[in-house]
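Undergrad: Got a structure for you, written out below as structure tokens; questions coming shortly.
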Amino acid sequence: MNTPEPIAASADYALKFDVDYPDRPLSRLSSAFRIFTIIPIAIVLATLGTVSFSSSSGDQYAGFAATGGGLLVIPPLLMILFRQKYPRWWFDWNRELLRFTNRVYAYGFLMNDEYPSTDEEQYVRLELTYPDAKNGLNRWLPLVKWFLAIPHYIVLFFLYIGALFGVIAAWFAILFTGRYPRGLFDYLVGVMRWGNRVGAYAFLMATDEYPPFRLGP
């Protein structure tokens, strides 16, 4: 068995992520009580078996459900390993659930005051290229991707700490000015983009290309 090696990241990564900047006054009332207004949709998200922010590794994808209602991790791993296949409906499920999860997170981060939809794209744009499992994915690499991504977990741990303070600062800024500081907004989008890329590589197994160490596209 050949030792699998990660592919270096290119400028055009398999996962593309962005959040539309709200270039308008945001609702002070909605932002002030966001910790309460997010509860109903957070419950819906929780029933789908998705992860919370309490992961000990600091990476939001470390606790994704392996089977059942959450993101599918173990089934695609086994199919890639033994059959070199990634069933399209499994991929579509993971992509749509990832989109929904990011809409809820963006709303919780005060990045928009439009309530998260369970199916509409809204202000969060996430695209993930469907992989050619037979010709484009190394069948053995899924066994070690979680390990190869350890440097990213470490960096993300500190980025998430910065994101927490960024959300707090944005909360005060919105209450006093009605606007989300663009610099803070771009930083939070970058952190979310980075985390999504790591998740797509290490746990969704949608690409063998190693995630770039950058906040930007």
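The values are calculated or read from the model by the stated rules, or taken from the named source; none is laboratory data. Here the structure is a predicted model, which is why all the values come from computation and not from measurement. Cβ coordinates were reconstructed from backbone atoms using ideal geometry, including for glycine residues, and neighbour counts include every protein chain displayed. Side chains included, ligands, DNA and RNA excluded: accessible areas come from the protein's heavy atoms. Shrake-Rupley method; radii C 1.70, N 1.55, O 1.52, S 1.80 Å.
Undergrad: Taking P(r) over Cα pairs in 10 Å bins from 0, in percent as the quantity of interest, determine which of (1) 9, 38, 39, 14, 1; (2) 8, 34, 36, 16, 5, 1, 0; (3) 7, 27, 28, 22, 12, 3, 0 was computed from the displayed structure.
TA: (2)
Undergrad: Here is a further query. In whole percent, and with a 1.4 Å probe on the protein chains, what portion of the accessible area of the chain is carbon and sulfur? Present the calculation step by step, with values, prior to reporting the outcome.
TA: On the way: 6870 of 10410 Å².
Reported share for carbon and sulfur atoms: 66 percent.
Undergrad: Tell me the accessible surface of Lys16 in square angstrom (1.4 angstrom probe, heavy atoms of protein chains only), to the nearest ten.
TA: 90
Undergrad: Let me ask you something else. Ranked from highest to lowest mean number of other Cβ atoms within 10 Å per residue, what is the order of the peptides 198-204, 181-187? All intermediate terms of the calculation are to be shown ahead of the outcome.
TA: Numbers: 198-204: 26.6, 181-187: 15.1.
Listed from highest to lowest mean packing, they are 198-204, 181-187.
Undergrad: Follow-up question, since we're still on this one. How far apart, in nanometres, would the label points at Ile35 and Lys85 be if each is projected 7 angstrom from Cα along the Cα-to-Cβ direction?
TA: Inter-label distance under the simple model: 4.9 nm.
Undergrad: Next question, about the same structure. Run the numbers for Asp23 and Asp92: contour at 0.36 nm per residue of separation, minus the present Cα-Cα distance, in nm.
TA: Values: separation 69, 0.36 × 69 = 24.84 nm, distance 3.13 nm.
Extra length from Asp23 to Asp92 when fully extended: 21.7 nm.
Undergrad: Which of the lysines could a cross-linker span from Lys134 if the Cα-Cα distance has to be under 22 Å and same-chain partners fewer than 8 positions apart are dropped?
TA: Cross-link targets: Lys85, Lys145.
Undergrad: Tell me the per residue accessible area of the chain using a 1.4 Å probe; a whole number in Å² is fine. Could you put the intermediate results ahead of the total?
TA: Numbers: 10410 Å² over 217 residues.
Here the residues of the chain average 48 Å² of exposed surface.
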